Amino acid sequence: MSRPIPEWQYAAIVPVIAVLVIIAHSVISNNDTITAESNPSQRLTYTTSWIGNTYGPGGELPGKGKHVQLSILGMAVSPDGTVYANAPWDEAGREGGVYKNGDVLGQLDATHGWGRSGGTAIAVNDNYIYMAMTQKGRYGVGYPNSDDKWYCVRRYNRSNYKGAKFKGGNGYDKSMLIINTNQGLIRGIAADNSRLYVSDTPNNKIKVYDAQTMKPVKKWSVNQPGKLALDKTGSLWVIQNKTNKILKLNIETGKVQGKIESVRIPTAIVVDNQNRLLVGDGGPDNQIKIFKNLDSSGNPTPDGTFGVKGGIYSGSPQEIGKIRPLHFNSITGIGVDQDNNIYVASDPSRIYAWQAGGLTVDSYKLDGTLNWKLQGLLFIDIPDIDPADETVVHTKNQQFKLDYSKSSGQEWTHVAHTVNPFKYPNDKRINKTIKHNAGAMIRRVKGRKLMFTNSMYTESAGIHVYRFNPDTDGEVAIPTASFWGSQLDYRYWQDKNGNGQEEQAEKGEYNQGQNYRGWGFWPDDDGNIWIGTSRNGIKKLSLKRFDAYGSPIYDINNQQSFEMPKEFQIIQRLEYHPKTDTMYIAGYSPTFDKRGDWGLIGNRAVKYINWSKAPQKAGEVVIAYNQKSEGVRPDLPKSMAVSGDYLFVGYVDNSFEKDPNRYPKVRVYDFRTGQEIGKINPGPEVKSTTGWLDVPMALRVVRRKNGEYLLFAEEDFYAKALMYRIKIDP
């Protein structure tokens with residue numbers, strides 16, 4: 001931005017993940033671009049629903065909507081049971097969410113935009129909330145220098161969630177305490193009414209401040225300090241990152257008075273009303289370890305556990321990955337209230353990448369009875385239906401069960417987490433070399449379920465293949481093959497020994513010396529992989545057989561090649577449906593010279609029948625596309641999905657657009673006529689709001705047995721996916 005903007009506008013305009021724009025039509029008279037038209041006769045009706053978030057409704061501005069944030073890496077609970085959360089990022093600006101009794105109360109003010117983002121630590125006392133956050137420069141007075149970054153603690157009033165300024169404070173409202181500049185994240189905070197304790201992790205210090213004046217009091221040297229907790233007898237407990245020790249420090253001198261070394265990967269700590277230390281073990285045990293005798297002169301002693309050992313990976317092989325009460329999945333926060341309720345945040349993104357999704361916040365009674373649950377499970381994700389069972393839905397790392405008889409937003413139940421990072425640490429869904437892994441495509445091939453995933457950067461990340469074996473791995477998707485895009489020189493991996501681990505002898509290159517660069521990766525219903533290259537036509541990698549382990553084996557050395565159809569100069573997307581031998585291609589027509597933003601589907605889509613023998617064009621759609629609108633925003637098609645004669649086109653979009661009839665989120669076309677037959681926008685069930693489509697394959701469409709169409713759409717803004725239930729008048 002070239003000039004500052006008001007604080008309340010920040011999340012409506014700050015770029016998030018990609019350069020994104022709102023929709024409009026063009027007025028061009030040739031056949032390459034469709035002209036602005038009046039609303040066509042609507043041949044469809046639909047309702048809006050969603051999957052993956054306890055609360056679906058959004059709002060026109062961040063803070064006015066109601067959703068569970070996508071991640072929690074730090075959590076504090078006040079005596080009255082109010083939960084304060086912290087995460088590095090939430091698309092809608094809810095890095096600092098506030099929750100109580102299973103409800104969303106709001107969020108801490110201005111944690112997003114203007115160079116701000118959240119963090120991994122938070123604390124609360126009677127009057128204030130202390131949130132670790134990051135503040136970047138380049139924003140003028142009250143901000144860091146242009147290239148600097150503050151790692152700071154921002155103080156908020158508990159009464160209104162607004163910044164609580166103090167003398168000597170920094171930031172635009174003087175509520176920020178700078179802990180370090182450019183050196184790294186604050187990994188722990190603890191507070192009572194008199195003192196604030198902060199882990200300055202990169203500088204190997206615990207810094208102590210007056211909780212009221214925010215003036216420094218003292219500091220101690222501690223190697224890699226992390227999460228902090230104060231007990232009731234005058235000691236500070238600190239998780240020592242990297243060593244995985246938990247140290248007991250005297251709060252006056254900082255001297256070590258005891259330690260715990262029996263927790264494999266301590267990720268969260270809190271002291272309960274009995275003065276016991278509760279420690280989240282984020283290792284394979286996936287449970288809370290409890291310690292007593294904190295006031296003794298020696299080390300504390302174990303006093304049981306809370307939660308099932310092994311978490312979601314416990315039980316029989318068939319139960320692995322299933323969601324069950326007291327079965328945790330990577331604990332990132334623990335809290336207790338005055339009534340001895342225990343609060344647990346489980347966020348598997350702690351292990352791999354914060355954008356993975358999978359957040360659950362549970363409240364339990366001390367006896368293990370569940371009080372309530374909150375979920376923010378999806379981010380950069382698109383669901384797909386299991387072809388063998390239309391009630392089973394997969395996303396890239398979750399599985400859901402649908403009950404179509406229920407009301408909007410209530411149809412889904414979270415039944416499994418399909419990643420096992422302990423058994424398959426090289427899974428591409430948790431590998432940070434693939435940024436923003438995105439979506440699932442489910443296929444049934446010869447009775448075997450396969451899942452394919454891609455990325456927000458499909459052009460370089462390619463496509464990745466997973467198999468399932470309930471007898472050994474329950475609901476976990478087992479890595480079995482990968483076909484990288486151009487960023488990694490078209491490498492492939494095929495699992496040859498069934499262990500799900502990448503080994504050098506299993507790797508190679510699959511592009512046969514050609515440039516396969518392009519956005520079109522598609523697994524067909526027979527498990528074959530189609531690649532629509534930008535300039536070198538279409539390639540087909542055939543699934544030759546399944547080996548003894550159930551891994552699909554692709555015929556790398558006998559690929560089929562198809563020339564670029566004359567209707568296109570560049571292919572951007574494709575779908576091949578083998579049952580009817582039909583190919584659908586979207587891209588840029590030969591005379592179209594206004595190609596623009598990254599990853600769009602193009603200005604034209606063509607349906608070909610008899611594709612494998614003698615292709616014939618059987619339908620064509622000129623897609624509404626324009627880079628320059630008649631006013632404010634361009635009209636750019638980002639994603640497509642096909643079912644029979646119907647083409648669904650999703651647009652790069654701004655959720656605050658005020659003319660949904662003119663600028664819809666999805667257009668539906670009929671290949672038989674080439675005409676638009678309807679527009680789809682999020683309905684009142686979600687307050688008519690949605691975020692942008694970030695990923696190339698942001699839509700999935702399935703026709704149910706009863707004729708209803710399910711259209712799934714990416715919806716990152718509120719940590720869910722939209723599900724449109726559509727009826728089309730043929």
Requested in this report: Considering only the range 76-109, state which residues are under 17 Å from residue 157 (Cβ atoms), assigned to a loop (DSSP other than H, G, I, E, B) and of a type in the set (Gly, Ala, Ser).
Outcome: 78, 96
Requested in this report: Among what's in the range 613-648 and is surrounded by fewer than 21 Cβ atoms within 10 Å (Cβ to Cβ), polar (S, T, N, Q) and modelled with pLDDT under 95, pick the residue that is nearest to residue 569 (Cα to Cα).
Outcome: 627
Report summary line: Those residues of the range 111-129 which are among the small types (Gly, Ala, Ser) and in contact with a Phe, Trp or Tyr (Cβ under 7 Å, 6 or more places away or on another chain) amount to 113, 115, 117, 118, 123
Report task. Would you check if there is a residue in the range 83-95 being more than 23 Å from residue 380 (Cα to Cα) and not basic (Lys, Arg)? Result -> yes
Query - Residue check for residue 165: assigned by TED's automatic domain parsing to the domain that holds residue 87, of a type in the set (D, E, K, R) and either under 30 Å from residue 297 (Cβ atoms) or modelled with pLDDT under 95 (or both) - result: no
Query raised in the report: Do we find that residue 480 is over 19 Å from the mean Cα position of the chain (by Cα), in the same structural domain as residue 545 (by TED's automatic domain parsing) and closer than 24 Å to residue 524 by Cβ in this structure?
Result: yes
Query raised in the report: So which residues in the range 520-566 are of a type in the set (Val, Ile, Thr) and either in a loop (DSSP other than H, G, I, E, B) or under 13 Å from residue 578 (Cβ atoms) (or both), if there are any at all?
Result: 529, 533, 556
**Report entry** So residue 217, is it closer than 16 Å to residue 241 by Cβ, part of a strand (DSSP E or B) and in the same structural domain as residue 79 (by TED's automatic domain parsing)
**Finding:** no
**Report entry** Qualifying residue in the range 412-427 (condition: closer than 25 Å to residue 58 by Cα, in contact (Cβ under 8 Å) with a residue 60 or more places away in the chain and outside any strand (DSSP E or B))
**Finding:** no
Query - Subset tally (residues that are surrounded by fewer than 21 Cβ atoms within 10 Å (Cβ to Cβ) and of a type outside the set (Gly, Ala, Ser)) for the range 469-491 - result: 8
Query raised in the report: Where residues in the range 46-70 are of a type in the set (Gly, Ala, Ser), modelled with pLDDT under 95 and buried (at least 24 other Cβ atoms within 10 Å of the Cβ), which of them is nearest to residue 357 (Cα to Cα)?
Result: 56
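The values are calculated or read from the model by the stated rules, or taken from the named source; none is laboratory data. On a predicted model such as this, the values are computed, not experimentally measured, just so you know. Reconstructed Cβ throughout: ideal geometry from the backbone, glycine too, with neighbour counts over all protein chains shown.
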